[in-house]
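Everything below concerns the one structure shown next.
None of the figures in this text is laboratory data; all of them are computed from the coordinates on show. The structure displayed is predicted, hence computed values, not measured ones. Note: ideal-geometry Cβ built from the backbone for every residue, glycine included; neighbour counts use all protein chains shown.
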Amino acid sequence: MDRYGLIGFPLEHSFSKDYFNNKFASEGIDAEYVNFEITSITELKSIIKNDPQLKGINVTIPYKEQVIPFLDHISENARLIGAVNVIKIDRKKKKIKLSGFNSEIIGFKESIEPLLKPYHQRALVLGNGGAAKAIFYGLQQLGIEATYVSRQKTEEQMLVYSELTQEIMETHTIVVNCTPVGMWPNVDDCPAIPYPFLTGKHLLYDLLYNPNETLFMKKGEEQGAAVKNGLEMLLLQAFAGWKMWRE
């Protein structure tokens, strides 16, 4: 039986295990998906070595960037983003080859593209972690100018929340939340953007999906903005990752 898995820490709220095991059962695929909750990325080598049926791995926080030095090859998207969330394990030859990909950028682009209007030319990306980088480059590939917003300025082209003026908000009609702010159980929290400056031309996209409608989304709707959560993106990136393992 083929095996696939997820590395990260912690993993108690992981989406992938249930998704893939349900997929395998419903489609009659002789495979199993397991979680590998590891406290150090150095444990990856022993996991792969000691599990010869392991064909592919998903990578989540905090290892999307730390895993790159352990890989033999990474895709162009993963190199640009600087983060990997899918690893394909090739055991056809004596030497095990690990190839890294980023399916988040694919899931995001496929999910947001149907919602885009001609006036969606600029975007604010809230956060600066691995997921935010995938969103940033995904937006660029869709022809949209993107700017990071974070609590602390670490790069010259980055904004902090206190710098979000009415003019900036009006000219950046896409806002993507790539932070955990507002995720269950902290459902009364939301990113500190100036919500009164949102309009009916804005699109608020939240990578979170628990709760189904975050406070970030609710505040956007109150201003007439279109909103979307990250569940479809999650499903699309899981499907893209499955294709990467099978190709």
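Computing Cα extents along the principal axes in Å directly from the structure and comparing it against (i) 59, 39, 33; (ii) 54, 48, 40; (iii) 58, 40, 40 singles out (i). Note on the chain: GNM, Cα springs under 10 Å; of N210, N85, N229, the largest mean-square fluctuation is that of N210. Inter-part distance, region 76-95 to region 133-197, computed on C-alpha centroids, equals 29 Å. Loop-resident chymotrypsin sites (Phe, Trp or Tyr not before Pro) (DSSP state other than H, G, I, E or B) in region 98-199 with no more than 16 further Cβ atoms inside 10 Å of their Cβ: Y119. Rounded to the nearest Hz, the phi-derived 3J(HN,Hα) couplings of region 206-217 under the Karplus curve 6.51 cos²θ - 1.76 cosθ + 1.60 (θ = phi - 60°) are 10, 5, 6, 9, 9, x, 4, 10, 7, 4, 3, 5, where x marks glycine and proline. For the listed residue pairs K109/K153; K133/K201; K64/K153; K55/K97; K23/K64; K23/K55, the alpha carbons are over 18 angstrom apart in K109/K153; K133/K201; K64/K153; K23/K64.
Using 0.36 nm times the number of residues separating E222 and F197, minus their current alpha carbon distance, what extension gain do you get?
Length gained, E222 through F197: 7.9 nm.
In a DSSP loop and with at most 13 other Cβ atoms within 10 Å, the GluC sites (Glu not before Pro) in region 99-204 are E155, E156.
Could you tell me the calculated FRET efficiency between E12 and K94, based on Cβ-Cβ distance and R0 = 35 angstrom, to the nearest 0.05? If you can, show how the numbers build up before the last one.
Details: r = 37 Å, r/R0 = 1.07.
Here the calculated transfer efficiency is 0.40.
Please label the shape of region 183-234 as rounded, prolate or oblate, based on the square roots a ≥ b ≥ c of the eigenvalues of the alpha-carbon gyration tensor (a/c under 1.5 means rounded; beyond that, a/b larger than b/c means prolate, else oblate). Taking the square roots of the gyration eigenvalues as a ≥ b ≥ c, region 183-234 is oblate. A simple count of charges around Y209, restricted to other residues whose Cβ falls under 12 Å of its Cβ and scoring Lys, Arg +1 and Asp, Glu -1, yields -2.
Residues in region 55-71 carry Karplus couplings, in order, of 9, x, 9, 8, 10, 10, 3, x, 10, 4, 9, 5, 6, 4, x, 8, 9 Hz; the curve used is 6.51 cos²θ - 1.76 cosθ + 1.60 with θ = phi - 60°, and Gly or Pro positions show x. Helical runs assigned H by DSSP (4 residues or longer) give the chain a calculated mean residue ellipticity at 222 nm of -9000 deg cm²/dmol, each run adding -39500 (n - 2.57) before division by the residue total. Comparing mean-square fluctuations of Q140, Q157, Q121 from a GNM of the chain with C-alpha springs under 10 Å, the top value falls on Q157.
Sequence gap at least 6, Cα distance under 8 Å: using those rules, report the relative contact order of the chain to the nearest whole percent. Kindly include the intermediate steps, with their values, before the conclusion.
Working: 466 pairs, mean separation 36.8, N = 247.
Relative CO of the chain lands at 15 percent.
The trypsin sites (Lys or Arg not before Pro) of region 152-232 meeting both criteria, a DSSP state outside H, G, I, E and B (loop) and at most 16 other C-beta atoms within 10 angstrom of the site's C-beta, are K153, K201.
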